[in-house]
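A short write-up of the structure that comes next.
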Amino acid sequence: MIEVALRHRFGQGWGAARRAGFALDAAFAVPAAGVTALFGPSGCGKSTILAAVAGLLRPQAGRVAIGGEVLLDTATRAFVPPERRRCGLVFQDARLFPHLSVETNLRYGLRRAPRGAAGPDMAEVVMLLGIGHLLHRRPAGLSGGERQRVALGRALLSRPRLLLMDEPLAALDAARRAEVLPFLARLRDAAGLPILYVTHALDEVDALADQMVLLEEGRVLAAGPVEALTARTDLAPLAGRRDAGVLLPCVVGDAADGLRLLEFAGGALLTTAQPGPPGTRLRVRIRARDVAVATEEPRGLSTRNILPVTIAAIDAAGEAGEVFLRLAAAGGRACVLPALRLAAPDPVPPPAPWRPAAQIAERLLLAGLLPEGTEACAS
């Protein structure tokens, strides 16, 4: 497990004019495997937590432990120096040595690896990140996405036990982000390293994260599997977003009539996207605003995704006059579809036993395959 419990307050001003500033009071425990996203708006404490885990910040109170090994415990005055924590760091800017070639930048990371530490070698990292053709260039001759891939390779070659990534795609435009995301997903699957990933971009969470720690104003609102948290309507930072919805684990099925089948526990969806060969596992974000409900099966529509569902719950939304509908798909084990935001009738009807058809727009936002902001034709 990765266990973090931190309390720290930053001051503002100097001398007698000094006053209390931002306060961090956050605690969570997540598996020491896969990708854990620290998610929340700018200024909520994500990077501060990462700095404390790396040893770059000594909090006023707290404890950090990885796999049972204590890196920080203010109660016992335990503090492992940053250079002995074996944390690989990747920042928003690549921070490459400008006077060195790509290959020499990578070898710098390799020279800092502890003697005898297991990890990928130079050839494996170069192949994993697709940077073989860049080895003799200098950073000034690289695109933003290429620089981030080199920075990631340098961090990997230091053979860390934990990879810390502080908004590594935030400084890139949409095209460069789309270029780097597949390499991050490949790293997640191939390297087997636990990763703490700071971001405020939900599409990056969708594409990469297994666990999420949701932060607001220096405090943890919720922590757990990404799919479970995105289905909750009581978490305003997620449920109140325009792209609010759920993530469905899917398996790519066979193609028919130019469409690809995406099978999930409650049924199957058709899409015009080509996410990979049959058997490919992925997650699909279904946005609540892309779903319509009807009390009988619609006819005469071009919509191909029409699923029988049961309205499992009606929850109050954050805005007056709106409600969330929680839809449970039939045809398999229980699977919760998006909490659909609707204008509330007066009075709100009870949640049983309607069985409407749910129409899901065909242009789905496929996690990691289509960019954030892809418009769907709402039914």
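The values are calculated or read from the model by the stated rules, or taken from the named source; none is laboratory data. On a predicted model such as this, the values are computed, not experimentally measured, just so you know. All Cβ positions, glycine included, derive from the backbone under ideal geometry; neighbour counts span all protein chains shown. Accessible surface is based on the protein model in full, side chains and every heavy atom, while ligands, DNA and RNA are left aside. Shrake-Rupley method; radii C 1.70, N 1.55, O 1.52, S 1.80 Å.
Could you check region 175-193 and list, in sequence order, the residues that are open to solvent by less than 50 Å² (accessible area, probe 1.4 Å) and either part of a helix (DSSP H, G or I) or under 16 Å from Phe91 (Cα atoms) (or both)?
Narrowing region 175-193 to residues open to solvent by less than 50 Å² (accessible area, probe 1.4 Å): 177, 179-181, 183-185, 187, 191, 193.
Arg177, Glu179, Val180, Leu181, Phe183, Leu184, Ala185, Leu187, Ala191 - these are the residues of region 175-193 that are open to solvent by less than 50 Å² (accessible area, probe 1.4 Å) and either part of a helix (DSSP H, G or I) or under 16 Å from Phe91 (Cα atoms) (or both).
So which pairs qualify, if the first residue must be in region 76-88 and under 27 Å from Gln148 (Cβ atoms), the second must be outside any strand (DSSP E or B) and among the hydroxyl-bearing types (Ser, Thr, Tyr), the Cβ gap must be under 8 Å, and the two must be at least 6 apart or on different chains?
So the pair list comes out as Arg86/Ser158; Gly88/Ser158.
Checking Ala223 against (1) touching a helix residue (DSSP H, G or I) at 6+ places or on another chain (Cβ under 7 Å); (2) surrounded by fewer than 21 Cβ atoms within 10 Å (Cβ to Cβ); (3) touching a residue at least 24 places away in the same chain (Cβ under 8 Å); (4) in a strand (DSSP E or B), which test does it fail?
It fails just one condition, (1).
Quick check on Arg154: is it at pLDDT 85 or above, in a helix (DSSP H, G or I) and either at negative phi or among the hydroxyl-bearing types (Ser, Thr, Tyr) (or both)? Write out each step before concluding.
Working: at pLDDT 85 or above: yes; in a helix (DSSP H, G or I): yes; either at negative phi or among the hydroxyl-bearing types (Ser, Thr, Tyr) (or both): yes.
When the stated conditions are applied, Arg154 passes them.
Looking at region 194-220, which of its residues are touching a Ser or Thr at 6+ places or on another chain (Cβ under 9 Å) and part of a loop (DSSP other than H, G, I, E, B)? Please lay out each step first, then the result.
Of the residues in region 194-220, the ones touching a Ser or Thr at 6+ places or on another chain (Cβ under 9 Å) are 194-198, 200, 202, 205-206, 208-213, 218.
Within region 194-220, Pro194, His200, Ala209, Asp210, Gly218 meet the criteria.
Kindly indicate the residue of region 239-288 that is out of contact with any Pro (no Cβ under 7 Å at 6 or more places or on another chain), among the hydrophobic types (A, V, I, L, M, F, W, C) and not in a strand (DSSP E or B) and also nearest to Pro308 (Cα to Cα) among those meeting that condition.
Ala265
What number of residues within region 189-201 are modelled with pLDDT of 80 or more and either among the basic types (Lys, Arg) or more than 13 Å from the chain's Cα centre (by Cα) (or both)?
We begin by selecting, within region 189-201, every residue modelled with pLDDT of 80 or more; these are 193-201.
Going one step further and asking which of them are either among the basic types (Lys, Arg) or more than 13 Å from the chain's Cα centre (by Cα) (or both), we end up with 193-194.
Count: 2.
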